[in-house]
1. Looking only at segment 1-51, which residues are within 14 Å of residue 69 (Cα to Cα) and of a type in the set (Asp, Glu)?
2. Among residues belonging to segment 45-66 that are touching a strand residue (DSSP E or B) at 6+ places or on another chain (Cβ under 6 Å), within 13 Å of residue 9 (Cα to Cα) and among the small types (Gly, Ala, Ser), point out the one that is surrounded by the fewest Cβ atoms within 10 Å (Cβ to Cβ).
3. On the given criteria, is residue 42 modelled with pLDDT of 95 or more and open to solvent by 40 Å² or more (accessible area, probe 1.4 Å)?
4. All but one of (1) open to solvent by less than 80 Å² (accessible area, probe 1.4 Å); (2) in contact (Cβ under 8 Å) with a residue 24 or more places away in the chain; (3) hydroxyl-bearing (Ser, Thr, Tyr) hold for residue 32; which doesn't?
5. Looking at residue 12, is it out of contact with any Leu (no Cβ under 6 Å at 6 or more places or on another chain), small (Gly, Ala, Ser) and at pLDDT below 95?
Amino acid sequence: MKYKVFIDGRHGTTGLKIDERLSIRDDVEILTIPEEQRKDPAAKARYINEADVVFLCLPDAASKESAALLAPGNSRTRFIDAS
């Protein structure tokens, strides 16, 4: 089974390190949001709700906004706040 991982804030220092470490694993699929959709809440919500694990590599306020995008009833997706 491949775990789907979304790194919100992937282009910052912490996000890049997490991406680097997970990208060499064959049991992880990293979900990558297109650059032009990074600030689009609807697009971000799709990626968050598709993932098994979401790493939040954002400032506190932005992390709260992203966590709020979890769909009601989604009990599968887990968050790890790395900020």
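1. 8, 40, 50
2. The residue in question is 63.
3. The answer is yes for residue 42.
4. Result: residue 32 fails condition (2) only.
5. Details: out of contact with any Leu (no Cβ under 6 Å at 6 or more places or on another chain): yes; small (Gly, Ala, Ser): yes; at pLDDT below 95: yes.
For residue 12, the condition - out of contact with any Leu (no Cβ under 6 Å at 6 or more places or on another chain), small (Gly, Ala, Ser) and at pLDDT below 95 - is met.
The values are calculated or read from the model by the stated rules, or taken from the named source; none is laboratory data. The shown structure was predicted, so the numbers you read here are calculated from the model rather than taken from an experiment. Neighbour counts are summed over all protein chains in view; Cβ atoms, including those assigned to glycine, are modelled from backbone coordinates with ideal geometry. Remember, those area values only see protein heavy atoms, side chains included, never the ligands or the DNA or RNA. Shrake-Rupley method; radii C 1.70, N 1.55, O 1.52, S 1.80 Å.
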